[in-house]
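Please find one structure pasted underneath; my questions will follow.
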Amino acid sequence: LTEMPGTVIPSGATPTLLIGPSSFSGKAVCNTYHFQLEAREDGSWWFPFQEHTVMYCGDEESAFEKAYWSALRRARVIQREGDTLVMKDGSGHVLLRFRRQ
């Protein structure tokens, strides 16, 4: 994760995103997550199933994780731009930006 507009990424945190054919998963700060993906006819995404571990990892980190998972759930457009993956809401606002590693 390289950008999450309006949210400070905690120092030392390296949130990850792994995308599969029908799901994505990764690690936020100290908790892992898994979301099932379903494409809709209008080209947007829907997440019928989501889960994550629930470990306390500090106030700042826990607040970040909550905001991160919220941004993932609100994503409706996923675009690849070179070595960058951008997730946007239905209005086209950038929610998350990841760089391929």
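The values are calculated or read from the model by the stated rules, or taken from the named source; none is laboratory data. Not measured: the values here are computed from a predicted model. Glycine also receives a Cβ, built like all others from the backbone with ideal geometry; neighbour counts cover every protein chain displayed.
Which condition does residue 64 not pass, out of (1) modelled with pLDDT of 90 or more; (2) part of a helix (DSSP H, G or I); (3) within 10 Å of the chain's Cα centre (by Cα), if it passes all the others?
Among (1) modelled with pLDDT of 90 or more; (2) part of a helix (DSSP H, G or I); (3) within 10 Å of the chain's Cα centre (by Cα), the lone unmet condition for residue 64 is (3).
Further, regarding this structure: Given (1) of a type in the set (S, T, N, Q); (2) crowded, with 16+ Cβ neighbours inside 10 Å; (3) touching a helix residue (DSSP H, G or I) at 6+ places or on another chain (Cβ under 9 Å), where does residue 62 come up short, assuming only one miss?
If we test residue 62 against (1) of a type in the set (S, T, N, Q); (2) crowded, with 16+ Cβ neighbours inside 10 Å; (3) touching a helix residue (DSSP H, G or I) at 6+ places or on another chain (Cβ under 9 Å), just (3) comes out false.
Take the conditions of a type in the set (A, V, I, L, M, F, W, C) and touching a Phe, Trp or Tyr at 6+ places or on another chain (Cβ under 9 Å) and apply them to residue 54. Does it pass?
no
Right, next: Checking the conditions here, which among 33, 68, 56 is hydroxyl-bearing (Ser, Thr, Tyr) and touching a residue at least 60 places away in the same chain (Cβ under 8 Å)?
68
Next question. Out of all the residues in region 68-75, is one or more modelled with pLDDT of 90 or more, of a type outside the set (Ser, Thr, Tyr) and exposed (fewer than 12 other Cβ atoms within 10 Å of the Cβ)?
No, region 68-75 has no match at all.
Among the residues of region 1-58 satisfying the criterion of being under 13 Å from the mean Cα position of the chain (by Cα), assigned to a loop (DSSP other than H, G, I, E, B) and modelled with pLDDT under 85, which is surrounded by the fewest Cβ atoms within 10 Å (Cβ to Cβ)?
47
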